[in-house]
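Student: First the structure, which I've put down as structure tokens, then a few questions once you've had a look.
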2 protein chains.
Amino acid sequence: MKFSLDKSYEILEHTPSVLRTVLMGLSDDWIMNNEGPDTFSPYDVIGHLIHGEKTDWRDRTTMILEHGTEKSFVPFDRFAQFEDSRGKSLTTLLDEFEKLRATNLAWLKSLNLTEDDFDKKGTHPSLGQVTLRQLLSTWVIHDLTHIAQVTRVMAKQYKDEMGPWIEFFRIMNF
Amino acid sequence: MKFSLDKSYEILEHTPSVLRTVLMGLSDDWIMNNEGPDTFSPYDVIGHLIHGEKTDWRDRTTMILEHGTEKSFVPFDRFAQFEDSRGKSLTTLLDEFEKLRATNLAWLKSLNLTEDDFDKKGTHPSLGQVTLRQLLSTWVIHDLTHIAQVTRVMAKQYKDEMGPWIEFFRIMNF
């Protein structure tokens with residue numbers, strides 16, 4: 001499957017409502033547990049996605065379009081949400097994510113990007129040269145893999161309750 | 001996290017609307033592609049879940065409650081949906097899944113299961129003795145891991161478009 005801006009919007013526009021549907025109304029046992037030290041709970045993931053909307057995708061798109069490879073992207077803080085989300089309810093975070101995402105997609109559409117723009121390059125602090133096409137594809141993949149992560153983390157909370165069936169779930173990277 | 005029927009319902013009741021929110025309105029590129037031979041596309045997963053509602057969870061619960069370990073469960077056909085879903089639209093499948101799940105959960109609630117019931121045992125054709133608690137936990141985990149699978153399969157369609165960023169996604173079982 002080749003990159004397409006329209007098909008990317010299909011995912012990027014869905015993600016806030018997907019996460020809301022997955023998480024709303026659940027007990028804290030499903031939402032607040034993680035996979036062990038330095039891993040994310042579903043609650044942490046929403047904060048992580050908020051931090052991405054604030055500091056990553058939009059800023060790096062701007063950097064590529066305005067500065068090319070001259071200036072390196074600001075490194076992304078993967079653990080910022082542990083501080084930023086403190087004291088906020090899940091609903092507050094879901095609302096914040098939805099609002100930021102809608103603003104960023106409206107902004108992205110207003111750029112009227114062309115095929116030529118997708119080939120433009122920037123400099124990632126550790127990966128080196130990357131294109132706008134790669135950045136936008138990664139944004140989509142980042143959404144989808146974090147939805148996958150959220151549901152995998154939730155599933156793992158019941159791991160000790162499934163008995164011998166665990167055998168069938170090993171092949172699913174469980 | 002210990003098994004609880006109420007916390008299990010939280011997930012089981014959500015799953016049809018979660019999958020609808022994830023998949024509705026998407027291009028076929030996102031829905032019909034899989035991860036290679038003998039793997040499921042998101043479309044295939046919905047058929048697989050329908051087959052589970054028809055032949056697995058409810059029937060096996062009944063088997064445990066009525067026959068205990070005397071009779072072995074009927075083996076589950078993991079590939080039935082390739083025939084059963086043929087010619088059906090994704091919307092038709094999502095509707096069918098939602099309806100079957102609602103019926104099965106209403107039935108499950110009508111049983112008024114007790115803690116003693118959860119310890120009752122049945123015989124799995126390849127895993128041997130299993131309890132009702134383990135069966136119901138596995139139903140929940142099965143839902144969640146298939147949602148994870150759907151979004152992972154979707155993400156993989158863009159794998160060749162992300163360039164050097166793939167490096168950061170290896171740790172996520174991508």
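Student: Nearest 100 Å² is fine: what is the total accessible surface buried where chains B and A meet, probe 1.4 Å?
Tutor: 5300
Student: Still on this structure, please answer the following. Which FRET efficiency, nearest 0.05, do B:Ser72 and A:Ser72 yield, Cβ-Cβ r, R0 56 Å?
Tutor: In this case the efficiency is close to 0.35.
Student: Scan region B:1-94 for trypsin sites (Lys or Arg not before Pro) in coil per DSSP, keeping those whose Cβ has at most 15 other Cβ atoms within 10 Å, and list them by number.
Tutor: In loop regions of region B:1-94 (DSSP not H, G, I, E or B), the sparsely surrounded trypsin sites (Lys or Arg not before Pro) are B:Lys2, B:Lys71, B:Arg78, B:Arg86.
Student: Which whole-number percent gives the relative contact order of chain A, counting Cα pairs below 8 Å spaced six or more residues apart?
Tutor: 32
Student: Determine ³J(HN,Hα), in whole Hz, for all residues of region A:22-29 in sequence, where each value follows from phi through the Karplus function 6.51 cos²θ - 1.76 cosθ + 1.60 and θ = phi - 60°; x replaces Gly and Pro.
Tutor: 5, 9, 5, x, 8, 5, 4, 3
Student: What are the distances, in nm and sorted shortest first, from the label point of A:Ser27 to the label points of the same position in each other copy, with each label point placed 7 Å from Cα along the Cα-to-Cβ direction?
Tutor: 4.2
Student: Could you point to the residue in A:Thr55, A:Ser27, A:Leu94 farthest towards the positive end of the protein assembly as shown's charge dipole, with +1 and -1 charges on the Cβ of Lys/Arg and Asp/Glu respectively?
Tutor: Checking the options against the dipole of the protein assembly as shown, the answer is A:Thr55.
Student: Between region B:146-164 and region A:1-55, what is the C-alpha centre distance in whole Å?
Tutor: Value for the Cα centre distance between the two parts: 15 Å.
Student: Could you pull the copy-to-copy label distances for B:Leu111, with points set 7 Å along Cα to Cβ, in nm to one decimal and sorted shortest first?
Tutor: 5.3
Student: Would you kindly give the portion of the calculated P(r) for the protein assembly as shown that falls above 38 Å, as a percent of all Cα pairs?
Tutor: Looking at the protein assembly as shown, the distances longer than 38 Å represent 20 percent of pairs.
Student: List, in the order given, every pair from A:Lys7/A:Lys121; A:Lys88/B:Lys109; A:Lys88/A:Lys109; A:Lys54/B:Lys99; A:Lys54/B:Lys159 whose Cα-Cα distance in the structure shown is over 32 Å.
Tutor: A:Lys88/B:Lys109; A:Lys54/B:Lys99
Student: Measure off 7 Å from each Cα along the Cα-to-Cβ vector at A:Asp38 and A:Trp107, then give the distance between these two points in nanometres to one decimal.
Tutor: 3.1
Student: Starting from the Cα-Cα distance between A:Leu5 and A:Asp28, subtract it from 0.36 nm times their residue separation and give me the gain in nm to one decimal.
Tutor: 4.6 nm is the gain from fully extending A:Leu5 to A:Asp28.
Student: In nm, to one decimal, how far is the A:Ser17 label point from the B:Asp116 one, both placed 7 Å along Cα→Cβ?
Tutor: 4.8
Student: Please sort by residue number the GluC sites (Glu not before Pro) in region A:44-81 whose DSSP state is loop and whose Cβ has at most 14 other Cβ atoms within 10 Å.
Tutor: Answer in residue order: A:Glu70.
Student: Heavy atoms only, 1.4 Å probe, whole protein assembly: order A:Leu49, A:Leu111 by accessible area, highest first.
Tutor: A:Leu111, A:Leu49
Student: Which value, in debye to the nearest 20, describes the size of the charge dipole of the protein assembly as shown about its Cα centre when Lys and Arg Cβ atoms bear +1, Asp and Glu Cβ atoms bear -1, and nothing else is charged?
Tutor: Approximately 140 debye in magnitude.
Student: Oh, and also: Compute, for region A:1-138, the length of the dipole vector about the Cα centre, with Cβ point charges of +1 (Lys, Arg) and -1 (Asp, Glu) only. Units Debye, rounded to 20.
Tutor: 280
Student: To continue, here is another question. Can you work out the FRET efficiency for the pair B:Thr91 and B:Thr55, with r the C-beta to C-beta distance and R0 = 22 Å, to the nearest 0.05?
Tutor: Calculated transfer efficiency: 0.45.
Student: Output needed for region B:23-131: three equivalent-ellipsoid semi-axes, defined as square roots of 5 times the C-alpha gyration tensor eigenvalues, in descending order, whole Å.
Tutor: Gyration-tensor ellipsoid for region B:23-131: 31, 17, 10 Å.
Student: Sticking with this structure for a sec: Please report, for the Cα atoms of region B:67-174, the Rg to one decimal and the Dmax as a whole number; what are they, in angstrom?
Tutor: Radius of gyration, then largest Cα-Cα span, for region B:67-174: 18.9, 56 Å.
Student: Where does the charge balance sit around A:Asp95 when Lys and Arg score +1, Asp and Glu -1, over other residues with C-beta under 14 Å from its C-beta?
Tutor: Once all neighbours under 14 Å are counted, the net charge is +1.
The values are calculated or read from the model by the stated rules, or taken from the named source; none is laboratory data. Note that the structure is a prediction, hence the values are computed from the model and not measured. A quick note on method: Cβ atoms are made from the backbone with ideal geometry, for glycine too, and the neighbour counts reach across all protein chains shown. To get the accessible areas, we keep the full protein, side chains included, count just its heavy atoms, and leave off ligands, DNA and RNA. Shrake-Rupley method; radii C 1.70, N 1.55, O 1.52, S 1.80 Å.
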